[in-house]
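Undergrad: I have a structure here, written as structure tokens, and I will follow up with some questions on it.
The values are calculated or read from the model by the stated rules, or taken from the named source; none is laboratory data. Bear in mind that the values here come from a model prediction, so they are computed numbers and not experimental data. Here the Cβ positions follow ideal geometry from the backbone for every residue, glycine too, while neighbour counts run over all protein chains shown.
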Amino acid sequence: MKVMKFGGTSVGKPARMQQVAQLITKDNERKIVVLSALSGTTNALVEIGNNLTNGDRAAAKTVIEKLHEHYQIFIQQLLVGDLARNKANAIINEHFEFLYIILRISFSEALNKDILAQGELMSTKLFSVYLEENNIDHLLLPALDFMTIDANEEPQLGSISIKLTQLLKKHADKNLFITQGYICKNARGEVDNLKRGGSDYTASLIAAASKSSVCEIWTDIDGMHNNDPRIVDKTVAIEQLSFDEAAELAYFGAKILHPTCIWPAQQENVPVRLLNTMQPDALGTVITKEAGSVGVKAVAAKDGIIAIKIKSSRMLLAYGFLRKVFEVFEKYKTSIDMITTSEVAVSVTIDTDQFLPQIIKELEPFGSVDIEKDQTIVSIVGNEIARTDHVLQKLFESLKDINITMVSYGGSAHNISLLAPSKDKIKILQLLNSGLFGL
Ligand code: ADP
Ligand code: ASP
Ligand code: MG
């Protein structure tokens, strides 16, 4: 069994979707194909939800109508026969009917999740009609039948595996399965999702649950690059990464992978390959247990970071102090990304302001609390970088004119993290591209 996941741009144009059909039929290995929504769709669905939250039904209606038109044109170009086109139109019209009905009823968060699910439901159904028109035998496997998250919004790998195994067994005669990325059912049995970019997570969960030979993530670039290609001009693809390195890069901002999508594949030791739909023969990046080589491999940046500095005037850093500080973050289910301590102060970073006022209030009895918003974590990732010659020297030399507000080094053998004001991010990534990679 193998898993092949295709992202939004890989299915975003009729010609691309047709090419996906070619890529998945190249060999006869049994496979599960995970599809995202057509590019732009999830953004449009988010906009519809936002408009409805703000009570602006007219704006929501305009977005729905525009999207509907986009799908009608897409169908005309994807399919050739009237039979297939009529079938596809009937499917799409049903989904849009649902969206038009939502305009008339009272809006809720649960309904918003239903709206967000429409993209992946439509892309997989359209693809299935295309495969049918081309006599490619397959089965559409609804993700909502097996993909679940618990009350803490964590995927339940054990039960996903049991349900998926049963389904695959039930359809032992089938060799090709198509399913939706991103969407799932939550602990209340409602439609939910794995957060933006979550189709990668779906793919990794399915690969682990089905003990696949490989999890292929097909996208619009030839693998993980050494730096953010949206920001820096000269970047290069990395041939090999370890699970740990890839997980750090994903978590610290490399958009090519969903932040937490590596752990399921890592747990079952399924290699992950990042491949380019537009250049299928390019080598891409392979992610395995082994790192391949020692040294700096890539940098990534994560925005929207808040730094919190707690300064104790009474030597409260005595034993028990850190526990009390951490307990506050635990209480509000807010994870800490970076931490540094000195004799009288501790600084931590978080990536959400959801409970910030409550957190500040509970930290204040421990000492003075300073907040710095609009910060960015820049992570330098590689195998054994802490032990690689001159990395720190090169790093600080490259960034000598930048105001770095925090440094985390030594906590992990494959990561050095810096915190700096977000306004300096572009400059930092460019400086590191020449300073660390000579590019
Ligand atoms: P998909 O729709 O296939 O899931 P994404 O847009 O989520 O694709 O991810 C691919 C994009 O990630 C690339 O087009 C690239 O701009 C961006 N990206 C950011 N950082 C990196 C990186 N370090 N290496 C490769 N791509 C990156
Ligand atoms: N369609 C979803 C999104 O745009 C999930 C994904 O593409 O990975 O976030
Ligand atoms: Mg993505």
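Undergrad: Do the conditions hold for Leu241, that is, is it in contact (Cβ under 8 Å) with a residue 24 or more places away in the chain, among the hydrophobic types (A, V, I, L, M, F, W, C), buried (at least 18 other Cβ atoms within 10 Å of the Cβ) and near ligand 1 (Cβ under 10 Å from one of its atoms)?
TA: Values: in contact (Cβ under 8 Å) with a residue 24 or more places away in the chain: yes; among the hydrophobic types (A, V, I, L, M, F, W, C): yes; buried (at least 18 other Cβ atoms within 10 Å of the Cβ): yes; near ligand 1 (Cβ under 10 Å from one of its atoms): no.
In short, no.
Undergrad: Based on this model, can you work out whether Ile287 counts as within 16 Å of ligand 1 (Cβ to nearest atom), closer than 29 Å to His390 by Cα, in contact with a helix residue (DSSP H, G or I) (Cβ under 6 Å, 6 or more places away or on another chain) and at pLDDT 95 or above? Quick ask: steps written out before the conclusion?
TA: Working: within 16 Å of ligand 1 (Cβ to nearest atom): yes; closer than 29 Å to His390 by Cα: yes; in contact with a helix residue (DSSP H, G or I) (Cβ under 6 Å, 6 or more places away or on another chain): yes; at pLDDT 95 or above: yes.
Yes, satisfied.
Undergrad: With the condition kept exactly as written, say whether any residue in the range 188-208 is under 22 Å from Val378 (Cα atoms), charged (D, E, K, R), in contact (Cβ under 8 Å) with a residue 12 or more places away in the chain and near ligand 1 (Cβ under 8 Å from one of its atoms).
TA: no
Undergrad: Between a residue in the range 217-234 that is closer than 17 Å to Phe437 by Cβ and without any contact (Cβ under 8 Å) to a residue 24 or more places away in the chain and any residue that is in a strand (DSSP E or B) and more than 14 Å from ligand 3 (Cβ to nearest atom), which pairs come within a Cβ distance under 7 Å, given they are 6 or more apart or on different chains?
TA: none
Undergrad: Considering only the range 218-236, state which residues are among the hydrophobic types (A, V, I, L, M, F, W, C) and either more than 14 Å from ligand 3 (Cβ to nearest atom) or touching a Gly at 6+ places or on another chain (Cβ under 6 Å) (or both). I'd like the intermediate steps shown before the answer.
TA: As a first pass, look at the range 218-236 and keep what is among the hydrophobic types (A, V, I, L, M, F, W, C): 218, 221, 224, 231-232, 236.
Ile231, Val232, Val236 - these are the residues of the range 218-236 that are among the hydrophobic types (A, V, I, L, M, F, W, C) and either more than 14 Å from ligand 3 (Cβ to nearest atom) or touching a Gly at 6+ places or on another chain (Cβ under 6 Å) (or both).
Undergrad: For Leu283, which of the numbered conditions (1) in contact with a Lys or Arg (Cβ under 9 Å, 6 or more places away or on another chain); (2) part of a loop (DSSP other than H, G, I, E, B) fails to hold?
TA: Among (1) in contact with a Lys or Arg (Cβ under 9 Å, 6 or more places away or on another chain); (2) part of a loop (DSSP other than H, G, I, E, B), Leu283 violates only (1).
Undergrad: Identify all residues within the range 166-217 that are within 16 Å of ligand 3 (Cβ to nearest atom), among the hydrophobic types (A, V, I, L, M, F, W, C) and in a loop (DSSP other than H, G, I, E, B); write none if there are none.
TA: Once the filter is applied, which keeps residues that are within 16 Å of ligand 3 (Cβ to nearest atom), among the hydrophobic types (A, V, I, L, M, F, W, C) and in a loop (DSSP other than H, G, I, E, B), the range 166-217 yields only Leu194.
Undergrad: On to the next question. I'd like the residue in the range 112-138 that is surrounded by fewer than 18 Cβ atoms within 10 Å (Cβ to Cβ) and free of Cβ contacts under 8 Å to residues at least 40 places away in the same chain and, out of all such residues, is farthest from Glu69 (Cα to Cα).
TA: Result: Asp137.
Undergrad: Let me ask something additional. Out of curiosity, is Val381 surrounded by fewer than 18 Cβ atoms within 10 Å (Cβ to Cβ), in contact with a strand residue (DSSP E or B) (Cβ under 6 Å, 6 or more places away or on another chain) and within 21 Å of Ser422 (Cβ to Cβ)?
TA: On the way: surrounded by fewer than 18 Cβ atoms within 10 Å (Cβ to Cβ): no; in contact with a strand residue (DSSP E or B) (Cβ under 6 Å, 6 or more places away or on another chain): yes; within 21 Å of Ser422 (Cβ to Cβ): yes.
It is false that Val381 is surrounded by fewer than 18 Cβ atoms within 10 Å (Cβ to Cβ), in contact with a strand residue (DSSP E or B) (Cβ under 6 Å, 6 or more places away or on another chain) and within 21 Å of Ser422 (Cβ to Cβ).
Undergrad: Here's another thing I want to ask about it. Only residues that are closer than 30 Å to Thr352 by Cβ and without any contact (Cβ under 8 Å) to a residue 60 or more places away in the chain: list them for the range 375-391, please.
TA: The one that is closer than 30 Å to Thr352 by Cβ and without any contact (Cβ under 8 Å) to a residue 60 or more places away in the chain: Ala386.
Undergrad: Here are Gly198, Gly181: which of them is within 16 Å of ligand 2 (Cβ to nearest atom), under 28 Å from Thr235 (Cα atoms), surrounded by 15 or more Cβ atoms within 10 Å (Cβ to Cβ) and modelled with pLDDT of 95 or more? Quick ask: steps written out before the conclusion?
TA: Values: Gly181 fails: under 28 Å from Thr235 (Cα atoms).
Of Gly198, Gly181, the one residue that is within 16 Å of ligand 2 (Cβ to nearest atom), under 28 Å from Thr235 (Cα atoms), surrounded by 15 or more Cβ atoms within 10 Å (Cβ to Cβ) and modelled with pLDDT of 95 or more is Gly198.
Undergrad: I'm trying to understand the selection: among the residues of the range 249-280, which are more than 10 Å from ligand 1 (Cβ to nearest atom), among the small types (Gly, Ala, Ser) and either in a loop (DSSP other than H, G, I, E, B) or out of contact with any strand residue (DSSP E or B) (no Cβ under 6 Å at 6 or more places or on another chain) (or both)?
TA: Listed by number, the list is empty, since nothing qualifies.
Undergrad: Every residue in the range 342-353 that is more than 15 Å from Asp370 (Cβ to Cβ) and at pLDDT below 95, please.
TA: Glu343, the sole residue that qualifies.
Undergrad: Quick one: which helices (runs of 4 or more DSSP H) sit completely within the range 8-59 and have at least 2 residues that are surrounded by fewer than 18 Cβ atoms within 10 Å (Cβ to Cβ)?
TA: Because the criterion is at least 2 residues that are surrounded by fewer than 18 Cβ atoms within 10 Å (Cβ to Cβ), the helices (runs of 4 or more DSSP H) in the range 8-59 that meet it are 14-24, 41-53.
Undergrad: Residues to consider are Phe146, Phe127; find the one that is within 18 Å of Pro14 (Cβ to Cβ) and within 24 Å of the chain's Cα centre (by Cα). Spell out how you get there, then give the answer.
TA: On the way: Phe146 fails: within 18 Å of Pro14 (Cβ to Cβ).
The match here is Phe127.
Undergrad: Here are Asn28, Asn86, Asn50: which of them is farther than 29 Å from Phe146 by Cβ, more than 16 Å from ligand 2 (Cβ to nearest atom) and out of contact with any strand residue (DSSP E or B) (no Cβ under 9 Å at 6 or more places or on another chain)? Full working, then the answer.
TA: Working: Asn28 fails: farther than 29 Å from Phe146 by Cβ; Asn50 fails: more than 16 Å from ligand 2 (Cβ to nearest atom).
Among Asn28, Asn86, Asn50, only Asn86 is farther than 29 Å from Phe146 by Cβ, more than 16 Å from ligand 2 (Cβ to nearest atom) and out of contact with any strand residue (DSSP E or B) (no Cβ under 9 Å at 6 or more places or on another chain).
Undergrad: Going by what's in this entry, would Phe96 be described as in contact with a helix residue (DSSP H, G or I) (Cβ under 7 Å, 6 or more places away or on another chain), away from ligand 2 (no atom under 15 Å from the Cβ), touching a residue at least 40 places away in the same chain (Cβ under 8 Å) and farther than 29 Å from Ile256 by Cβ?
TA: Values: in contact with a helix residue (DSSP H, G or I) (Cβ under 7 Å, 6 or more places away or on another chain): yes; away from ligand 2 (no atom under 15 Å from the Cβ): yes; touching a residue at least 40 places away in the same chain (Cβ under 8 Å): no; farther than 29 Å from Ile256 by Cβ: yes.
Criteria not met by Phe96.
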